[in-house]
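See structure below.
The values are calculated or read from the model by the stated rules, or taken from the named source; none is laboratory data. Predicted model, so just to flag it, every value in this text is computed and none were measured. So basically every Cβ, Gly included, is an ideal-geometry build from the backbone, and we count neighbours across all protein chains shown. Quick note on the areas: whole protein, heavy atoms, side chains included, nothing else; ligands and nucleic acids left out. Shrake-Rupley method; radii C 1.70, N 1.55, O 1.52, S 1.80 Å.
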Amino acid sequence: MRFLILSDIHANITALDAALAAVQDRWERVLCLGDIVDYGPDPNEVTSRVKALAPIIIRGNHDKAVAGLSSLDDFNPVAKISARWTREQLRPENLDYIAQLPAGPLSADSLTLVHGAYHDEDEYVFVPGQAMGGLVDSPSTVTFFGHTHYQGGFSYRAGQIGVIQLKPEPGSNFAALRLAPDTRYLLNPGSIGQPRDGDPRAALAIADLDHDVIEFWRVPYDIGAVQQRMRAAGLPASLIDRIGLGR
Ligand code: ZN
C-alpha cells in the first residue's frame, strides 16, 4: 500500500493542488495529520478538497481552536487574528467537518498518526529528547507527526536516536528514505501550506510500505498568488511574508 501523507495544509489551496498534481497516480490512500485550516486564505476550498480525498485524518491544534474546542489564549496575537478570521469564513458544513476530526494518536494499517507528540497532540517535537516518547511507545514501527512544519524526523535503533534530514537534490522532487530493519521511525512529511524549515516549497511524503521506502517531496507553487489573496483578506503581514521565506 502506498500512502500519501499530508500535514499542516493551513488553508493554502494553491500549495495543496500543486502538491496533489505532482504526486498524481503515485498513492492509493491519503493520511492527514491535521491543521488543515488557519493562517492561509482558503479555508473552505481546502476543507472541501480534503473531504473529497476521504483521508484517514486527525485534528491539529489550529483545527481545534478554529472549531472552538480549545481557547485562543495560548495563541499569539497574529494567530488569534487569523483563527477568528478563519472561523468567520468557514461555511457551516466545513466548520462541522473540522469540529468532528478525532484527536491522535490514530493507528491505520501499520502506521500511527499524531499531530504533535505521541503523548500530547499540542506538543512540538523538534529535538531527539522530545521524540523519544513517540519512538518508544507508539504501537507502530513508523509513526508520522506534524505541527513543527519541519520535514524529516528521527530513527531509533538499539537505544540510539538518529536525526533524519533528507533534502531532495536540486532538480529532483523527492528524497527517498529506505527503512532499515529493527529500527523505529518518527517522521514528519513537512507542511504543505506554511513550511518553516527554510524551503518555501510545499512539503509532503509518500509511504510505500510494500517496498519499505518513504519519499520526502518538495513541490514549488505560486506563492505570490496566495500572498495576494492573503493581502486582500486582510490577514497579518507576518503570515504573508513567512510563506515566501519558508520560515
Ligand atoms: Zn501547523
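So here's what we get for this one:
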quantity	calculated
Residue that is of a type in the set (A, V, I, L, M, F, W, C), over 25 Å from Gln227 (Cα atoms) and touching a residue at least 12 places away in the same chain (Cβ under 8 Å), where the choices are Leu177, Leu204	Leu177
Members of the range 29-64 that are away from the ligand (no atom under 16 Å from the Cβ) and part of a helix (DSSP H, G or I)	Asn44, Glu45, Ser48, Arg49, Lys51, Ala52
Subset tally (residues that are hydroxyl-bearing (Ser, Thr, Tyr) and open to solvent by less than 10 Å² (accessible area, probe 1.4 Å)) for the range 141-152	2
The range 75-94, residues that are within 14 Å of the ligand (Cβ to nearest atom) and either in contact (Cβ under 8 Å) with a residue 60 or more places away in the chain or farther than 18 Å from Ser238 by Cα (or both)	Val78, Ser82, Thr86
Residue under evaluation Ile192, criteria (1) touching a Leu at 6+ places or on another chain (Cβ under 6 Å); (2) open to solvent by 20 Å² or more (accessible area, probe 1.4 Å), criterion not met	(2)
Meets criteria (more than 16 Å from the ligand (Cβ to nearest atom) and either open to solvent by 10 Å² or more (accessible area, probe 1.4 Å) or under 17 Å from Leu106 (Cα atoms) (or both)) for Leu72	no
Pairs, first open to solvent by 60 Å² or more (accessible area, probe 1.4 Å) in the range 15-41, second among the hydrophobic types (A, V, I, L, M, F, W, C) and not in a strand (DSSP E or B), C-beta under 8 Å, six or more apart	Glu28/Met1; Arg29/Met1
Criterion violated by Ser138 - all others in (1) small (Gly, Ala, Ser); (2) closer than 24 Å to Pro195 by Cα; (3) open to solvent by less than 60 Å² (accessible area, probe 1.4 Å) satisfied	(2)
Residues (in a strand (DSSP E or B) and either open to solvent by less than 30 Å² (accessible area, probe 1.4 Å) or within 16 Å of the ligand (Cβ to nearest atom) (or both)) located in the range 1-14	Phe3, Leu4, Ile5, Leu6
Unmet criterion (only one of (1) in contact with an Asp or Glu (Cβ under 7 Å, 6 or more places away or on another chain); (2) of a type in the set (A, V, I, L, M, F, W, C); (3) open to solvent by less than 30 Å² (accessible area, probe 1.4 Å)) for Val226	(1)
Evaluation of Ala79 against (1) out of contact with any strand residue (DSSP E or B) (no Cβ under 8 Å at 6 or more places or on another chain); (2) modelled with pLDDT of 95 or more; (3) small (Gly, Ala, Ser) (one fails), failing number	(2)
Residue pairs meeting the criteria (Cβ under 9 Å; at least 6 apart or on separate chains; first in a helix (DSSP H, G or I), in the range 224-247; second surrounded by 12 or more Cβ atoms within 10 Å (Cβ to Cβ) and among the hydroxyl-bearing types (Ser, Thr, Tyr))	Ala225/Thr14; Val226/Thr14; Arg229/Thr14; Met230/Tyr39; Leu239/Tyr39; Leu239/Ser82; Arg242/Tyr39; Ile243/Tyr39
Residue, nearest to Ile57 (Cα to Cα), within the range 146-191, restricted to residues that are of a type in the set (D, E, K, R) and either out of contact with any Asp or Glu (no Cβ under 7 Å at 6 or more places or on another chain) or within 16 Å of the ligand (Cβ to nearest atom) (or both)	Arg184
Selection status of Gly162, farther than 20 Å from Ile9 by Cβ, touching a residue at least 40 places away in the same chain (Cβ under 8 Å) and not in a loop (DSSP other than H, G, I, E, B)	no
